[in-house]
Amino acid sequence: MATMIEENGPSSHEQPEVSSSSQARQKLEGLLNKNMRIRMTDGRTLVGLFLCTDRDCNVILGSAQEFLKSTDTFSQGEPRVLGLAMIPGHHVVSIEVEADSLDDAQGFGGNH
Amino acid sequence: MVMKSAVEDDDAGWGLGIPEKMKNNANWVDITHEFKGACKELNLGELLHDKLFGLFEAMSAIEMMDPKMDAGMIGNQVNRKVLNFEQAIKEGAIKVKDLSLPELIGIIDTCFCCLITWLEGHSLAQTVFTCLYIHNPDLIEEPALKAFALGILKVCDIAREKVNKAAVFEEASDFPKCVREDFQAMTYGFKMANNVTDLRVTGMLKDVEDELQRKVKSTRSRQGEQRNPDVELEHQQCLALFNRIKFTRLLLTALIAFTKKETSSVSEAQKLVAQAADLLSAIHSSIQHGIQSQNDTTKGDHPIMMGFEPLVNQRLLPPTFPRYAKIIKREDMVAYFSKLIERIKTVCDVINTTNLHGILDFFCEFSEQSPCVLSRSLLQTTFLIDNKKVFGTHLMQDMIKDALRYFVSPPVLSYKCCLFNNHQAKDYIDSFVTHCSRPFCSLIQIHGHNRARQRDKLGHILEEFATLQDEAEKVDAALHSLLMKLEPQRQHLACLGTWILYHNLRIMIQYLLSGFELELYSMHEYYYIYWYLSEFLYAWLMSTLSRADSSQMAEERILEEQLKGRSSKKIKKKKKVRPLSKEINMSQAYQNMCAGMYKTMVALDMDGKVHKPQFELDSEQVRYEHRFAPFNSVVTPPPVHYIQFKEMSDLKKYNPPPGSADLYLAASKHFQQAKLILENVPSPDPEVNRILKVAKPNIVVMKLLAGGHKKETKVLPEFDFSTHKYFPVVKIM
């Protein structure tokens, strides 16, 4: 978490294209508070509400639940409640959202 | 807030809603690429978030894949199947019958280590319950192991109950995890062997013990017999197992004895733990007979033993579980047990103390050793059995009356005084004593907490004692006017008040001193802390003690006169040792130590040898007021405010104002004085010797400094608290 916060200073980067970045922002904002499923590098999957992200794709999920990888036989499918969880961007393998939530989030999934 | 309500919703229906969604994969659409692409468009440091979700909330998120925060991570790094007990039996990974002796010894020793690790503050789920056998002793067919597993469960259960009952653990300190955790564990279905009675378990252990003893005897070497090394080995192993089972039984029986209400059971427990202690050296010397873990050192520090799965409960742990428990080594097990038993034996001694002040001192002294939570809890529950009677026999009110008699001999509690049988006086004193009993129980309970918490709680209890002080003064006044009517030659002035004031001062002194032990003060703060102690609190304490002493003497004189009147026999006027004389002497010594330290600090400051911070956001006044804040609730003695302190400690009021050399010399004299007093204490205890060990070098150092030794050096002096926790040896580098 600390790295995210520290980097939150005033940005010295100039914004390249206002239109493209504001479009991206809009896309992401459309996903806020939607259920999201993130697979991590160690094979675990977290499901929770998408609350926050940044340039490095660090993602914060609210009321997150952890599911073990499917190969693990022990207590498989039984989730563990994590609450508020931050997944560092470099550990994010895949991101999924529920199809119906895409209706509100323009520009995602539909055009590919 | 959006988030909050979301959490609550999930709590209500988790486990139903989302797993279904998980199975139904058709619902999920992969957006990895787009998402990552969109993120890249954000500015460096920019957070994209909901209006209601800010940095503050983000801070409390746990970071995944961080080994410190992510408890689920460890489980996923291990390349083995984590099996629970039933699964392990099915897969044949674990034996439930025909275990060899070395296997049993190894499992038992590992369990002991887990038990100790638990008592040291780790969670039950990460320690004792990593032993699969403990999960369900009913499935064990091997009688020795079954009895042992049940025994350990009972030990845990009683220990847990004792700790909960005594309530001397804290959420954020040493025992919390296990207490909170084993509550959680219970909800996950761990059985604490509640379906079996204590008696049945000790019986089972005894049966196993007898069986083993037969084996030990049958394999014993006979005279003139050629010894078969195999038989000898079996003999050794049987003996090792026998000792372990017996130890478990004795420990369990001792803990059971503590749950009984009779005082006699405490001495019974003391005997039992002493017997258990006798087995420890034999257990220690036979550790090598047990199987070792098939150590897979490449996987880190969690070796795997048969019957143990460190990760079996990983998923039961809270998400941000601090760390996984490092189980202590078998070699250290016996040493810990013997210390634990020593502590339990000490606890048992408390029942030999009958006086409330003695008990209070006992608690203080015991707490100074920073004992473990189990022994602390046992002490608490032994002292007040089910919160009603002291040691199960004495009423707290009677203890308080005895303490009052011992301390100030108030006329109202003297059999020879007319107030003793006066109806109204009785009402006054009884209601006062009743009001005292709760704060005094709390005071004793405070000493069961760990040292850091004690300080906190001492600060708070001062409020209750301030109320008592007020009441004591009123009762004193009422009793005095009553007594004036009945027996005009006697007085009842400030008796109860003196007693409460004495406790007030003790609490305040302890509060300040413990700050040194906990290393709360910075060097530049020492001078006002020691000033407050020497000039104020100890001065008050000494006058309080001498008032109590003279009150005792007055009472004794009256008794003597009454006796003289009755019998013509001349009473031998022997010089009795005053009961409070030792405490008066000790207070004097402490006061001199504090005064010496105060003058030392002022002089060092004059020489520029005290590092002072650049006060930016605070000032010395802010710090001072914070340090003494709890004293504001006390009426007598009135708190000394910063301005008053500055006036009172101003050196300019002396003519000429003393220089640093004068102050060093004065400090040296104080230490000298403390030394003199302490050397004349009859039968000195370790505390006296500890203070002497500080006073002596400080006398010399102060004399050197007064002579200008190393006056020019700018190296800061060192304060070595290793000899005494409140008074440092000053070292000039």
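A few remarks follow.
- In the set B:GLN454, B:GLN491, only one residue is closer than 23 Å to B:SER546 by Cα and either under 27 Å from the mean Cα position of the chain (by Cα) or not basic (Lys, Arg) (or both); that residue is B:GLN491.
- Among residues of region B:121-147 that are not assigned by the TED database to the domain that holds B:GLU161, none has a Cβ under 9 angstrom from a residue that is part of a loop (DSSP other than H, G, I, E, B) and modelled with pLDDT under 90 at a sequence gap of 6+ or on a separate chain.
- Residue list for region B:416-451, filter: within 22 Å of the chain's Cα centre (by Cα) and without any contact (Cβ under 8 Å) to a residue 40 or more places away in the chain: B:ARG438, B:PRO439, B:SER442, B:ILE446
- Matching entry among B:GLN275, B:GLN237, B:GLN223, B:GLN270 (being open to solvent by 50 Å² or more (accessible area, probe 1.4 Å) and under 41 Å from the mean Cα position of the chain (by Cα)): B:GLN275
- Test: residue in region B:379-387 that is part of a helix (DSSP H, G or I), hydrophobic (A, V, I, L, M, F, W, C) and modelled with pLDDT of 90 or more: yes
- Residues of region B:621-640 that are open to solvent by 20 Å² or more (accessible area, probe 1.4 Å) and of a type outside the set (Gly, Ala, Ser): B:GLN621, B:VAL622, B:ARG623, B:GLU625, B:HIS626, B:ARG627, B:PRO630, B:ASN632, B:VAL635, B:THR636, B:PRO638, B:PRO639.
- B:ASP210 being open to solvent by less than 70 Å² (accessible area, probe 1.4 Å), among the charged types (D, E, K, R), part of a helix (DSSP H, G or I) and not assigned by the TED database to the domain that holds B:GLY392: yes
- Just so you know, in region B:388-432 the residues that are closer than 21 Å to B:CYS348 by Cβ and in a loop (DSSP other than H, G, I, E, B) include one that is least open to solvent (accessible area, probe 1.4 Å), and it is B:PHE391.
- Residue in region B:638-647 that is part of a loop (DSSP other than H, G, I, E, B) and in contact (Cβ under 8 Å) with a residue 40 or more places away in the chain present: yes
- Among the residues of region A:48-71, those identified as surrounded by 24 or more Cβ atoms within 10 Å (Cβ to Cβ), more than 7 Å from chain B (Cβ to nearest Cβ) and under 27 Å from B:LEU311 (Cβ atoms) are A:GLY48, A:VAL59, A:LEU61, A:ALA64.
- Enumeration of residues in region B:240-267 that are in contact with a Ser or Thr (Cβ under 9 Å, 6 or more places away or on another chain) and exposed (fewer than 15 other Cβ atoms within 10 Å of the Cβ): B:GLU262
- Applying the set (1) open to solvent by less than 30 Å² (accessible area, probe 1.4 Å); (2) at pLDDT below 80 to B:VAL334 leaves exactly one unmet item: (2).
- Of the criteria (1) surrounded by fewer than 17 Cβ atoms within 10 Å (Cβ to Cβ); (2) under 18 Å from A:PRO88 (Cβ atoms); (3) modelled with pLDDT under 85, which one B:ASP9 fails: (2)
- For region B:261-288, filtering for residues that are modelled with pLDDT under 90 and farther than 30 Å from B:GLN380 by Cα leaves 0.
- Of the residues screened, B:GLN454 is not one that is polar (S, T, N, Q) and outside any helix (DSSP H, G or I).
- Scan of region B:694-708 for residues that are within 14 Å of B:ALA667 (Cβ to Cβ) and assigned to a loop (DSSP other than H, G, I, E, B), ordered by number: B:GLY707
A quick yes/no check of all residues on (1) within 8 Å of another protein chain (Cβ to nearest Cβ); (2) open to solvent by 60 Å² or more (accessible area, probe 1.4 Å); (3) at pLDDT 55 or above:
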| site | (1), (2), (3) |
| --- | --- |
| B:SER5 | no, no, no |
| B:GLY13 | no, no, no |
| B:GLY37 | yes, no, yes |
| B:GLY45 | yes, no, yes |
| B:PHE53 | yes, no, yes |
| B:ASP70 | no, no, yes |
| B:MET73 | yes, no, yes |
| B:ARG80 | no, yes, yes |
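- Tabulated pairs, region B:501-523, first in a helix (DSSP H, G or I), second small (Gly, Ala, Ser), C-beta under 7 angstrom, 6+ apart or interchain: B:TYR502/B:ALA548; B:TYR511/B:GLY459
- B:LEU479 being part of a helix (DSSP H, G or I) and farther than 28 Å from B:GLN489 by Cβ: no
- Once region B:478-493 is narrowed to residues that are out of contact with any His (no Cβ under 8 Å at 6 or more places or on another chain) and either open to solvent by 50 Å² or more (accessible area, probe 1.4 Å) or not assigned by the TED database to the domain that holds B:LEU419 (or both), the residue that is farthest from B:GLN424 (Cα to Cα) is B:GLN489.
- All positions within region A:19-47 that are within 7 Å of chain B (Cβ to nearest Cβ) and touching a residue at least 60 places away in the same chain (Cβ under 8 Å): A:LYS27, A:ARG37
The values are calculated or read from the model by the stated rules, or taken from the named source; none is laboratory data. None of the values given here were measured: they were computed from a predicted structure. Reconstructed Cβ throughout: ideal geometry from the backbone, glycine too, with neighbour counts over all protein chains shown. Areas reflect the complete protein model, heavy atoms only, side chains present, ligands, DNA and RNA absent. Shrake-Rupley method; radii C 1.70, N 1.55, O 1.52, S 1.80 Å.
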